[in-house]
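Here is the structure we will look at, set down as structure tokens.
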Amino acid sequence: MKRFTWLFISALLCLLVVLFWNAMTPKLGTGSGNGNPAILLFIPLSILFLVLVSPVFYRYI
């Protein structure tokens, strides 16, 4: 049961990442301009998230 809980949490996190990435992409036929700052911040924020959350996951595994 514990594995299914972590699998469900991981699936939700992946879904949130996909939805965030989909929301930040420009619509078809429009120019992206200078780029979207949220996309540029996605990689550093995801690394920071993993650093902050990994101790919590390791404590329960």
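Among the residues of the range 14-39, those that are at pLDDT below 75 and surrounded by fewer than 10 Cβ atoms within 10 Å (Cβ to Cβ) comprise Lys27, Leu28, Gly29, Thr30, Gly31, Gly33, Asn34, Gly35, Pro37. Contact map, the range 31-56: first residue farther than 21 Å from Ser10 by Cβ and among the charged types (D, E, K, R), second residue surrounded by 10 or more Cβ atoms within 10 Å (Cβ to Cβ) and at pLDDT 80 or above, Cβ cut-off under 9 Å, separation 6 or more or different chains; the map is empty.
In this structure, Val53 qualifies as at pLDDT below 80, assigned to a helix (DSSP H, G or I) and open to solvent by less than 90 Å² (accessible area, probe 1.4 Å). Scan the range 1-13 for residues that are open to solvent by 80 Å² or more (accessible area, probe 1.4 Å) and not hydrophobic (A, V, I, L, M, F, W, C) and the total you get is 2.
The values are calculated or read from the model by the stated rules, or taken from the named source; none is laboratory data. Quick caveat, the model's predicted, so the values are computed rather than measured. Every residue, glycine among them, receives a Cβ derived from its backbone with ideal geometry; neighbour counts consider all protein chains shown. Please note that ligands, DNA and RNA were not included when accessible areas were found on the heavy atoms of the full protein model with its side chains. Shrake-Rupley method; radii C 1.70, N 1.55, O 1.52, S 1.80 Å.
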